[in-house]
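Chemist: One structure, as structure tokens, below. Some questions next.
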Amino acid sequence: MPRLEQNPITNNEWFTPNWLIDQIRDDFFKSVLDLDPTSCEVANRNVKAKRYFSKQNTCLDKPWVAKSIFMNPPYKKENGLGVERFIDKLISEIELGNVGESILLVRASTDTNWFLKLVSIGKIAFSHGRVNFISSNGFVVKDNSPSGHCLIYVPGYLNRKKEFIQFIDRLIIPKKTSPKKFFFLDSENISKVTRLSA
């Protein structure tokens, strides 16, 4: 179990918590996760994608041919690469017919163009509370993000939006962790989340 880190060093490596990536890979993708195009060797020990691309092997220059993709892209711009470049690349690969389906873990950045692009093609489950990521030195990072998060399902040549909704409904979030739940933006779910907050 990773230790809790209150004030981590600032970097751009925040790994998806095991409880979340395990369920995405094993439950939704049925244990077959083909590609994580925004990863590294350390992160892929938990993600367990068949293939991963990293900054070191020029992830944006390669074709993303995969039935299933998971992405937790870097949020901060580094060497000219920001989340919008990865979103544009994913959309381009979908348009080329290279991607079956993908799930992204991103900030709920409703004021950005890249987020609006995803809204137009994907199904979004917002988090009630922030996701506690794992830092590159193995610590759980408490509330390290300035905003909430969401899981976004983006169909390609496969479209399993209905199955994604069912997956979110059965997602198991460990006690004493964050977020409290993921929800879809409709009046029934908003009222449930409001009651949880009271």
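The values are calculated or read from the model by the stated rules, or taken from the named source; none is laboratory data. Not measured: the values here are computed from a predicted model. Here Cβ is always computed from backbone atoms with ideal geometry, including for glycine, and neighbour counts include all displayed protein chains.
Chemist: Give me the pairs: first residue in the range 1-24 and closer than 18 Å to residue 44 by Cα, second residue at pLDDT below 80 and assigned to a strand (DSSP E or B), beta-carbon distance under 7 Å, and six or more apart or on different chains, which are they?
Modeler: 12/78; 14/141
Chemist: Just give me the residues in the range 40-54 being modelled with pLDDT of 95 or more and aliphatic (A, V, I, L, M), in sequence order.
Modeler: 47, 49
Chemist: In addition: Say we look at the range 90-114 and pick out the residues that are of a type outside the set (A, V, I, L, M) and buried (at least 20 other Cβ atoms within 10 Å of the Cβ); which of these is farthest from residue 69 (Cα to Cα)? Can you show your working first?
Modeler: In the first step, residues of the range 90-114 are kept if they are of a type outside the set (A, V, I, L, M); the result is 92-93, 95, 97-98, 100-102, 107, 109-114.
Going one step further and asking which of them are buried (at least 20 other Cβ atoms within 10 Å of the Cβ), we end up with 93, 101-102.
Values: 93: 11, 101: 6, 102: 4 Å.
Residue satisfying both the conditions and the ranking: 93.
Chemist: Also, I was wondering about something else. Would you mind stating whether residue 106 is within 19 Å of residue 179 (Cα to Cα) and β-branched (Val, Ile, Thr)? Show your work before the answer.
Modeler: Values: within 19 Å of residue 179 (Cα to Cα): yes; β-branched (Val, Ile, Thr): yes.
When the stated conditions are applied, residue 106 passes them.
Chemist: Of all residues in the range 47-87, which are among the charged types (D, E, K, R), more than 22 Å from residue 136 (Cα to Cα) and surrounded by 15 or more Cβ atoms within 10 Å (Cβ to Cβ)?
Modeler: Taking the range 47-87 first, the residues among the charged types (D, E, K, R) are 48, 50-51, 55, 61-62, 67, 76-78, 84-85.
After this cut, where a residue has to be more than 22 Å from residue 136 (Cα to Cα) as well, the list is 61-62, 67, 84-85.
Scanning the range 47-87 gives 67, 84, 85.
Chemist: Shifting gears a bit: Which of the residues spanning the range 114-135 are polar (S, T, N, Q) and without any contact (Cβ under 8 Å) to a residue 24 or more places away in the chain? Explain how you work it out, then say what you get.
Modeler: Restricting attention to the range 114-135, the residues satisfying the condition of being polar (S, T, N, Q) are 120, 127, 132, 135.
The one that is polar (S, T, N, Q) and without any contact (Cβ under 8 Å) to a residue 24 or more places away in the chain: 120.
Chemist: Kindly check whether there is at least one residue in the range 55-68 that is touching a residue at least 12 places away in the same chain (Cβ under 8 Å), among the aromatic types (Phe, Trp, Tyr) and not in a strand (DSSP E or B).
Modeler: Yes, the range 55-68 contains at least one residue that is touching a residue at least 12 places away in the same chain (Cβ under 8 Å), among the aromatic types (Phe, Trp, Tyr) and not in a strand (DSSP E or B).
Chemist: Also: Quick check on my filter: what residues within the range 1-39 are modelled with pLDDT under 90 and either of a type in the set (Ser, Thr, Tyr) or assigned to a loop (DSSP other than H, G, I, E, B) (or both)? Quick ask: steps written out before the conclusion?
Modeler: Start the filter on the range 1-39 by keeping residues that are modelled with pLDDT under 90, which leaves 1-14.
Once the filter is applied, which keeps residues that are modelled with pLDDT under 90 and either of a type in the set (Ser, Thr, Tyr) or assigned to a loop (DSSP other than H, G, I, E, B) (or both), the range 1-39 yields 1, 2, 3, 6, 7, 8, 9, 10, 11, 12, 13.
Chemist: Considering only the range 94-113, state which residues are outside any strand (DSSP E or B), touching a residue at least 40 places away in the same chain (Cβ under 8 Å) and either closer than 19 Å to residue 13 by Cβ or of a type in the set (Asp, Glu) (or both).
Modeler: none
Chemist: Can I ask one more? Output the residues belonging to the range 152-198 that are aromatic (Phe, Trp, Tyr), surrounded by 15 or more Cβ atoms within 10 Å (Cβ to Cβ), at pLDDT 95 or above and assigned to a loop (DSSP other than H, G, I, E, B). I'd like the intermediate steps shown before the answer.
Modeler: Filtering the range 152-198 down to residues aromatic (Phe, Trp, Tyr) leaves 153, 157, 164, 167, 182-184.
After this cut, where a residue has to be surrounded by 15 or more Cβ atoms within 10 Å (Cβ to Cβ) as well, the list is 153, 164, 167, 182-184.
Checking the rest, the ones that are also at pLDDT 95 or above come to 153, 164, 167.
Selection gives nothing.
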